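Shown next, in structure tokens, is the structure this report addresses.
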Amino acid sequence: MEFVKYEVNGAVGTITLDRPKALNALNSAVLDELNEVLDQVDLDTVRALIITGAGDRSFVAGADIGEMSTLTKAEGEAFGKKGNDLFLKIEHFPIPVIAAVNGFALGGGNELAMSCDFRIASENAVFGQPETGLGITPGFGGTQRLARLVGMGYAKMMVYAARNIKADEALRIGLVNEVVAPEELMNEANKYASLIARNAPIAVRAAKKAINEGYEKEIADAVGVEEKLFGSCFESEDQKEGMANFLRKKDDPQKVKHVAFQNR
Ligand code: CO8
């Protein structure tokens, strides 16, 4: 692939968007390649994904402004749908996806980061939705996910004013979970991916589904979603092994600190 690299290390997959001449901006080819890479992830062995940008300046500097500049109304809608379909695929990807934000996360870049399960940023990261300054609205889910993540007030301020914010402000408003030194970013993202990967994969996937599906529902219906997914875990070998391990006597040599879950 020309713009998207994929690397697997144990149970952690890392997707790197690599289009240096445009600060990793998302053109149609990048979106297509990212979609293709997601289809290639081996869900039997990979248990967490990290998405990052190549280089030390930019995660993704937005959708490609050159490509968008001549779109018609219908083409604009179609381009928006292409991004939205892909970002929904990331949001609902069966395993957790972590955004490691290593610089500019503007427009479509911030929208990509927000479609991931959570975000770890380097100190030099910059977040924003500059679209109104370009004569458009955010178009890859920004008007929706930003308000859900940081609340209406900050979302409206960022979108209407098109003012970029630095990592510390993003942390304060809850747009990112953690901010670390640039050289620590991938270590930190890998640390969380590894923590996720050592837990029972069926349970982790069920938890992601429960949080995502329940979030849009009334609480009484939302806990119903959880009940079903919680119940389904009891059909797994990993639940049996995980609980049996806990219940083994303290001095039982068969008891291990972390169960090597089998994904079954
Ligand atoms: N699209 C295309 N090219 C870009 C983009 C982009 N979004 N961002 C940067 N580039 C290119 C520049 O044109 C430049 O190319 P060249 O060297 O050939 O001139 C190269 O990357 C380096 O950029 P700069 O020289 O501008 O670097 P600076 O350090 O001076 O500035 C910035 C860095 C601040 C990131 C600046 O490049 C910038 O403001 N970029 C645009 C950011 C932006 O507005 N992003 C939002 C785009 S709109 C969007 O994402 C909407 C998403 C939904 C679309 C739905 C469609 C229907």
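The values are calculated or read from the model by the stated rules, or taken from the named source; none is laboratory data. Because the structure is a prediction, the values reported are computed rather than measured. Backbone-built Cβ (ideal geometry, glycine too); neighbour counts: all protein chains shown. Surface areas here come from the heavy atoms of the whole protein model, side chains and all, with no ligands, DNA or RNA. Shrake-Rupley method; radii C 1.70, N 1.55, O 1.52, S 1.80 Å.
How compact and how long is the stretch 29-81, expressed as Rg and Dmax of its alpha-carbon atoms in Å?
According to the Cα coordinates of the stretch 29-81, Rg and Dmax are 14.8, 43 Å.
Can you list the aspartates and glutamates whose alpha carbon is less than 19 Å from that of residue 21, not counting same-chain residues fewer than 8 positions off?
Those aspartates and glutamates meeting the cut-off are 2, 32, 33, 56, 64, 67.
With +1 on each Lys and Arg Cβ and -1 on each Asp and Glu Cβ, and nothing else charged, work out how big the dipole of the chain is about its Cα centre, in Debye to the nearest 20. Spell out each step's value before the answer.
Working: 30 positive and 38 negative charges, 127 e Å.
Using Cβ point charges on Lys, Arg, Asp and Glu, the chain gives about 620 debye.
Leaving ligands, DNA and RNA out of it, rank 16, 72 by accessible area with a 1.4 Å probe, largest first.
The ordering from most to least exposed comes out as 72, 16.
Please give the solvent-accessible surface of residue 116 in Å², to the nearest 10, using a probe radius of 1.4 Å with every protein chain present.
Around 10 Å² of this residue is reachable by solvent.
Across 10 Å bins from 0, what is the distribution of all Cα-Cα pair distances for the chain, in whole percents?
Here the calculated profile for the chain is 7, 28, 33, 21, 8, 2, 0, 0.
Dividing the Cα convex hull volume of the stretch 1-45 by residue count, how many Å³ per residue is that?
Enclosed volume per residue, from the Cα hull, is 62 Å³.
Take every Cα pair under 8 Å in the chain that's 6+ residues apart, average their separations, divide by the length, and report that relative contact order as a whole percent.
Dividing the mean separation by the residue count of the chain yields 16 percent.
At a probe radius of 1.4 Å, what is the per-residue accessible area of residue 176, in Å² to the nearest 10?
Accessible area, nearest 10 Å²: 10 Å².
Which of the pairs 191/249; 89/208; 73/209; 5/209; 217/240 have their Cα atoms more than 25 Å apart in this structure? Please report the intermediate quantities before stating the final value.
On the way: 191/249 30 Å; 89/208 13 Å; 73/209 34 Å; 5/209 27 Å; 217/240 31 Å.
Table pairs above 25 Å Cα-Cα are 191/249; 73/209; 5/209; 217/240.
Give me the percent of DSSP beta bridges within the chain that run antiparallel, rounded to the nearest 5. The partial results should precede the final answer.
Numbers: 8 of 31 bridges.
Here the share of antiparallel DSSP bridges comes out near 25 percent.
Under a plain spin-label model, where a point goes 7 Å from the Cα along Cα-to-Cβ, how far apart in nm are residue 40 and residue 260?
In this crude spin-label approximation the distance works out to 2.9 nm.
Provide 228, 255 ordered by accessible surface of protein heavy atoms (probe 1.4 Å), highest first. List each step's numbers first, then the result.
Details: 228 160, 255 70 Å².
From most exposed to least exposed: 228, 255.
Considering Cα pairs under 8 angstrom that are at least six residues apart, work out the relative contact order of the stretch 132-230 and quote it in whole percent. Write out the running numbers ahead of the final one.
Details: 50 pairs, mean separation 14.6, N = 99.
Once normalised by length, the contact order is 15 percent.
What percent antiparallel are the DSSP beta bridges of the stretch 47-194, to the nearest 5? Before the final figure, lay out the partial values.
Values: 2 of 18 bridges.
Percentage antiparallel, nearest 5: 10.
Using the charge dipole of the stretch 45-141 (Lys, Arg: +1 at Cβ; Asp, Glu: -1 at Cβ; taken about the Cα centre), state which of 54, 129, 93 has its Cα farthest towards the positive end.
93
Heavy atoms only, probe 1.4 angstrom, no DNA, RNA or ligands counted: give me 158, 152, 68 ranked by accessible area, highest first.
Values: 158 5, 152 120, 68 50 Å².
Highest to lowest solvent-accessible surface, that is 152, 68, 158.
Using a probe radius of 1.4 Å on heavy atoms only, what accessible surface per residue do you get for the stretch 155-206? Whole Å² is fine. Don't skip to the answer; put the middle values down first.
Details: 2730 Å² over 52 residues.
Accessible surface, normalised per residue, equals 52 Å².
Taking loop as defined by DSSP and a crowding limit of 11 other beta carbons within 10 Å, which GluC sites (Glu not before Pro) in the stretch 186-224 fit? Could you put the intermediate results ahead of the total?
Numbers: sites: 188, 213, 216, 218; in loops: 216, 218.
Within the stretch 186-224, the qualifying GluC sites (Glu not before Pro) (loop, at most 11 other Cβ atoms within 10 Å) are 216, 218.
Please report, as a whole percent, how much of the solvent-accessible surface of the chain comes from carbon and sulfur atoms (probe radius 1.4 Å). Let's see the in-between values first.
Numbers: 7580 of 13680 Å².
The C+S portion of the solvent-accessible surface of the chain is 55 percent.
For the stretch 76-131, state the semi-axes of the equivalent ellipsoid (square roots of 5 times the eigenvalues of the alpha-carbon gyration tensor), sorted largest first and rounded to whole angstrom. Present the calculation step by step, with values, prior to reporting the outcome.
On the way: eigenvalues 78, 55, 6 Å².
Computed over the stretch 76-131, the values are 20, 17, 5 Å.
Using alpha carbons only, how many degrees (0 to 90, rounded to 10) separate the axis of helix 237-247 from the longest principal axis of the chain?
Roughly 60 degrees between the two axes.
Where Lys and Arg each count +1 and Asp and Glu each count -1, what net charge lies around residue 215 among other residues with Cβ under 14 Å from its Cβ?
Working: positive: 145, 148, 208, 209, 217; negative: 91, 117, 213, 216, 218, 221, 226.
Here the count lands on -2.
Defining a contact as two alpha carbons under 8 Å apart and six or more residues distant in sequence, what relative contact order in percent does the stretch 13-101 show? Numbers along the way, then the final one.
Working: 99 pairs, mean separation 36.8, N = 89.
Worked out over the stretch 13-101, it gives 41 percent.
Taking the full set of protein chains and a 1.4 angstrom probe, give the accessible area of residue 252 in square angstrom, rounded to the nearest 10.
Approximately 40 Å² for this residue.
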